[in-house]
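What follows is a set of notes on a single structure, which appears directly below.
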Amino acid sequence: MNRRICTLGTIVLITASIILTGCNDKSEQKTAGEVVQEVTVVTTKLEPFMISVELPGRLEAYRQAEVRARVAGIVTERLYQEGQDVKKGTPLFLINPEILTVAKNEAAAVLAGAESNYANAKDKLDRYKDLSNDHSISERDYKSAISEELQAKAEQLIAKAKLDKAKLDLGYSRVTSPIDGRARRALVTEGALVGQDSTTPLTTVEQINPIYVNFSQSASDVMAMQRAVKSGEAGAIALKNIKVDIIFPDGSKYSKPGKLFFSDQAVDISTDTVAMRALFDNSEHELLPGAYVQVRFDQGFKNNTARVPRDALIRTAGGASVLVINKDNKVASVTVTADGLVGNNWIVTSGLKGGERVITSNPRMLAPGTLVKVAN
């Protein structure tokens, strides 16, 4: 009897324990389900903003000319200091003029002989003309005198042209700069044989004041700017009115702003960009051709823009979005348009109305509909 009572009591205690344990588990599950994740947020505010863009660019000389020999010969002297500024016509190299001088003298002698022959032929024609009028010579002899005079005249002109060329060739023995600019290092030395057929220039002269910077901008941005100007959108800037700044690798800005000089009218199909070029004053020769820089310019003034931190923006194949906290304190996704990055903030030009609480702490780890609260 006592054993039965003990056994029954044990069963009752075990059953009660199971029931209590089940209740505790349900209580713990309920508590866990009510845990609200803390997040950090920024509250958006709409304000006007000038949309700027920064792009990589490369400096290029305003003019560049390869200096080449126009006559064949041996280089006997370099007449300039490498790296010096030269004017158009400044002598840079001397080619041995001896052979060219001989050629000029020979051409002068040939011309003298041709002029003498022409003078004799002209005198003969004048005499034959009078004799022909008196019928003292045959018509055949008279026509022969005319032909001789014409032949002598032609030979005189040919000889004069050859002398002119010989003089030019002798002048070309002094190789001069074709433009104003800075003469770079010599590519040949004294003793080198040069000529018109040489593939190597003697040197290069570059005009670096003013100076170009070449860069490319996305075709979509260029076309958007043009549409904004055409539609009369407030704050739009025409391409011809764009002012450009150069930013050096250390973050400093070039002291003299430039202006947009050229924008290609076709899109590079391999990069989907438009080639552009800006012109800068470089009177102090601070900018050097070939150097890489950043160019920054304003694309237009936008009203009702908002700034959101870089980490708050989510980009996917479908576009850009941010996560906000709605009135029920739950996560909601909002599609936005971000037109540029300034510092650590994206400039959002559409999608936000102002006053939204945008989640900045690990937004990619949250799903829409998640219950959250703002961390203190």
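The values are calculated or read from the model by the stated rules, or taken from the named source; none is laboratory data. Since this is a predicted model, take the numbers as computed values, not measurements. Every residue, glycine among them, receives a Cβ derived from its backbone with ideal geometry; neighbour counts consider all protein chains shown.
I need every pair where a residue in the range 65-89 that is in contact (Cβ under 8 Å) with a residue 24 or more places away in the chain and under 11 Å from L202 (Cα atoms) has its Cβ under 6 Å from the Cβ of a residue that is among the aromatic types (F, W, Y) and part of a strand (DSSP E or B), sequence separation at least 6 or different chains.
Within 6 Å, the pairs are V75/F93; R78/F93.
Identify, please: which residue in the range 215-238 is surrounded by fewer than 16 Cβ atoms within 10 Å (Cβ to Cβ) and under 26 Å from Y292 (Cβ atoms) and is, among those, modelled with the lowest pLDDT?
Among them, the one singled out is S220.
When only residues in the range 271-314 that are among the polar types (S, T, N, Q), modelled with pLDDT under 95 and under 16 Å from the mean Cα position of the chain (by Cα) count, which is nearest to K259 (Cα to Cα)?
Top of the filtered list is T273.
Counting only residues that are among the aliphatic types (A, V, I, L, M) and free of Cβ contacts under 8 Å to residues at least 12 places away in the same chain, which one in the range 143-177 is nearest to G191 (Cα to Cα)?
Looking at the filtered set, the residue picked out is L168.
Taking the condition of being in contact (Cβ under 8 Å) with a residue 24 or more places away in the chain, outside any strand (DSSP E or B) and among the hydrophobic types (A, V, I, L, M, F, W, C), how many residues in the range 254-273 meet it?
Of the residues in that region, 1 qualify.
Only one residue in Y172, Y128, Y118 is aromatic (F, W, Y) and at pLDDT below 90. Which one?
Checking each option against the conditions leaves just Y128.
Restrict the check to the range 128-138 and report whether at least one residue is out of contact with any Gly (no Cβ under 6 Å at 6 or more places or on another chain) and within 21 Å of K165 (Cβ to Cβ).
No, that holds for no residue.
If you go through the range 239-253, how many residues are over 16 Å from D298 (Cα atoms) and either surrounded by 15 or more Cβ atoms within 10 Å (Cβ to Cβ) or among the hydrophobic types (A, V, I, L, M, F, W, C) (or both)?
Final tally of qualifying residues: 1.
Can you give me the number of residues within the range 200-239 that are over 16 Å from V175 (Cα atoms) and over 21 Å from the mean Cα position of the chain (by Cα)?
10
Go through the range 325-363 and report how many residues are of a type in the set (V, I, T), assigned to a strand (DSSP E or B) and touching a residue at least 40 places away in the same chain (Cβ under 8 Å).
Residues meeting the conditions: 8.
Does the range 278-293 contain at least one residue that is crowded, with 17+ Cβ neighbours inside 10 Å and of a type in the set (F, W, Y)?
Yes: the range 278-293 contains one or more residues that are crowded, with 17+ Cβ neighbours inside 10 Å and of a type in the set (F, W, Y).
Which residues, counting only those in the range 238-253, are part of a loop (DSSP other than H, G, I, E, B) and touching a Lys or Arg at 6+ places or on another chain (Cβ under 9 Å)?
Across the range 238-253, the qualifying residue is only I242.
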